[in-house]
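Bear in mind these aren't lab numbers, they're just calculated from the coordinates by the rules spelled out. Given the structure is predicted, the values throughout are model-derived calculations rather than measurements. Glycine also receives a Cβ, built like all others from the backbone with ideal geometry; neighbour counts cover every protein chain displayed.
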Amino acid sequence: MSISLFCKDLRKNFVLHAVAAHFNNGLLPAALLFLFLSMFNDGPYFEHTVLHLNLLALCMLPVSFFSGIRDWRTKFGGGRAPIFYRKLWLSGLLFLEVGSAAALRLTHPEIISYGGFFKWLYIMLLFGALPVVVLLGHYGAKLAFGLKPMK
């Protein structure tokens, strides 16, 4: 396949929302892995990676959100269904969790080593993001693949 055909195909079939959503769905679990590793390592490198992954996810969340709104309007006609409202609510919750974790870490650079309330709040915010991205992905799959509820 030539480069020009590849570019035409990519432009025709590229789904920004799917790319942005999967980006975050990969970054946030990876951040948790590095957070877990940082708890058993004295060096700051793993924990710095948590911050970087979290900030990158925070930057990508608006792209995922607004591309999802665009797709909802174009592909589903902006239809009023509970699944869309769940995804909107969960997206807001995810932004709040990831943004709060980033703000805590930026304002308290030694949050993991000093411990205390803010350490546990930081950890809870990061771990709280995991079920949210799982549910967002689950509802997205239901929309994309038309999955029926189990009987």
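The chymotrypsin sites (Phe, Trp or Tyr not before Pro) of the stretch 88-151 include none that meets both conditions, a loop assignment by DSSP and at most 10 other Cβ atoms within 10 Å of the site Cβ. Remark: the stretch 95-106, residue by residue, has Karplus-estimated 3J(HN,Hα) of 4, 5, 5, 5, x, 5, 5, 5, 5, 4, 5, 6 Hz, where x stands for each Gly or Pro and the curve is 6.51 cos²θ - 1.76 cosθ + 1.60 at θ = phi - 60°. Taking Cα atoms only, the orientation of helix 3-13 departs from the longest principal axis of the chain by about 90 degrees.
Here the dipole of the chain is about 1040 debye; that uses its Cα centre as origin and unit charges on the Cβ of Lys and Arg (positive) and Asp and Glu (negative). What is the angle, in °, between the Cα long axis of helix 45-75 and the longest principal axis of the Cα atoms in the chain? Nearest 10 is fine, range 0 to 90. The two axes meet at around 20 degrees. Considering only Cα atoms, the convex hull volume of the stretch 1-73 works out to 109 Å³ per residue. Comparing mean-square fluctuations of 25, 41, 13 from a GNM of the chain with C-alpha springs under 10 Å, the top value falls on 13. The ranking of 108, 17 by Cβ neighbour count inside 10 Å, starting from the fewest, reads 108, 17.
Each label point was placed 7 Å from the Cα along the Cα-to-Cβ direction; for residue 37 and residue 74 their separation is 3.7 nm.
Starting from the stretch 1-74, pick out the chymotrypsin sites (Phe, Trp or Tyr not before Pro) whose DSSP state is loop and whose Cβ has at most 16 other Cβ atoms within 10 Å. In loop regions of the stretch 1-74 (DSSP not H, G, I, E or B), the sparsely surrounded chymotrypsin sites (Phe, Trp or Tyr not before Pro) are 14, 40.
Helical runs assigned H by DSSP (4 residues or longer) give the chain a calculated mean residue ellipticity at 222 nm of -28500 deg cm²/dmol, each run adding -39500 (n - 2.57) before division by the residue total.
How much of the pair distance distribution for the chain lies past 29 Å, counting alpha-carbon pairs only, in percent?
29 percent
Rg and Dmax, both from the Cα atoms of the stretch 91-148 and both in Å, are 14.9, 48.
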